[in-house]
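Notes follow once the structure below has been shown.
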Amino acid sequence: MNETGPPLPVDAQLIRSCMIIEDENASPKKETSSTNKISKKSKSVLKNKLQKILCCAVCLELRRSAIYQCKYGHLICAGCFGDILTESRLQNEIASCPVCQSTISKDLCTRNVAVEKTISALPMTCPYCLLQISPESYKTHKKCLCEKRPTICSNNLIGCPWEGPHYEKHMHQEQCKQLSANGYDILQSLNDMDEESKDEVNLYERIFELLSVDKFSYHDLQFKHFNYNLSTEDKIEAFETSKFSAFDKLWMIHGYFKDKPSEFHYQLSLKGTLDKPLSLHYLLVKGPYSEMEIKPKLCQFTFQQNSLDGPFETLSLWYHSDSLKSFFQAKRINFRIFLFENN
């Protein structure tokens, strides 16, 4: 086939890649070691080809989400598709495909179910050990087999607060100080755990109350990378979302890692002007198609004309926050934000 001709439709490229791999596998087998090398090479070639063919035209990643296509077949994942439509609406422009510039909308674009099924059959990356796991074994590996999966001490019920990767659990338990603690210390630890449980219950009760307020809004957003220069020499890995509209105002969220990989700080900012103070509660939670188990934290701030940027808050996971950095290796990080206007 002519490699210099116009690009093939996605489905045609997919069939062509599979034919290439079949031709490679159809060659006579020589010896066992050579055959294994060829097999591994073929799988790698197939994966690379599929990634180039099936990746989102915006973030260039294989996203296990709804996949939309423009009328010429260019693929856009659900997160990027929503971002394009939102940004175009805010700028009062017509949304267009980033590749061919054809007009896109929810009515004009369709989902490519064949691509979605193909991506769902490809190996998945464990967020903890970064190994490639088959979809059938992924949940079992992530919850039960991965040596780097987050876990807690078996003595948690008597007050041990330790949490960490599974491969460190055995060593910790051999030296766990809670086993030699006296009754008073154990009781104190249990009281601390009880207070934490009460705080969680109060948090969820407060969230349920806020869901009944007159005005609230939620948005599915994506953190995107950008480099932020503190000085001519210092740079930090920073993130930001696209602008989004809530309560007739424009907003944006900035974030960055500070001090160590487990500490991610984010800030809600109002883009525009205010005639009067605006008091909000807001919280970040796990977004669609995301595996990042965010620990809810209800934030509150009153935005005013002279203070349009909220305080920096800390984003935490339920367990083993050291793995937080691995989720941010992706080019786009999905999450959902709820905003509640206080009366």
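Worth pointing out:
- Portion, in percent, of the accessible area of region 102-257 that falls on carbon or sulfur, probe 1.4 Å: 52 percent
- In Hz, Karplus ³J(HN,Hα) per residue of region 95-106 (6.51, -1.76, 1.60; θ = phi - 60°; x = Gly, Pro): 5, 9, 5, x, 9, 10, 6, 6, 5, 10, 6, 5
- Residues whose amide H falls under 5 Å from that of residue 95, counting only those 5 or more places apart or on a different chain, are 104, with hydrogens built in the peptide plane.
- Quotient of C-alpha Rg and 2.2 N^0.38 Å, computed over region 77-130: 1.49
- Between region 161-184 and region 94-149, the Cα center-to-center distance that results, in Å: 37 Å
- Put a dot 7 Å past the Cα of residue 316, heading toward its Cβ, do the same for residue 190, and the two dots end up 2.3 nm apart.
- Heavy-atom SASA rank of 90, 221, 179 (probe 1.4 Å, accessible area, largest first): 179, 90, 221
- Placing a pseudo-label 7 Å from each Cα along the Cα-to-Cβ vector at residue 206 and residue 300 gives an inter-label distance of 0.6 nm.
- For region 256-298, the convex hull drawn through the C-alpha positions has a volume of 128 cubic angstrom per residue.
- Residue 263 long-range amide H proximity, modeled H, under 5 Å: 258
- Per residue accessible area of region 46-129, 1.4 Å probe, in Å²: 52 Å²
- Gain upon complete extension [residue 182, residue 125; 0.36 nm per residue less C-alpha separation]: 16.2 nm
- Two-site FRET efficiency, residue 168 against residue 237, from Cβ-Cβ distance with R₀ of 35 Å, rounded to 0.05: 0.85
- Evaluated at q = 0.15 Å⁻¹: base-10 log I(q)/I(0), Debye formula over Cα of region 141-192: -0.44
The values are calculated or read from the model by the stated rules, or taken from the named source; none is laboratory data. It should be emphasised that the depicted structure is a prediction, and the values quoted were computed from it without experimental measurement. Cβ sites come from the backbone with ideal geometry, for glycine too, and all protein chains shown count toward neighbours. For the accessible areas, the whole protein counts, side chains as well, though only heavy atoms, and no ligand, DNA or RNA atoms are used. Shrake-Rupley method; radii C 1.70, N 1.55, O 1.52, S 1.80 Å.
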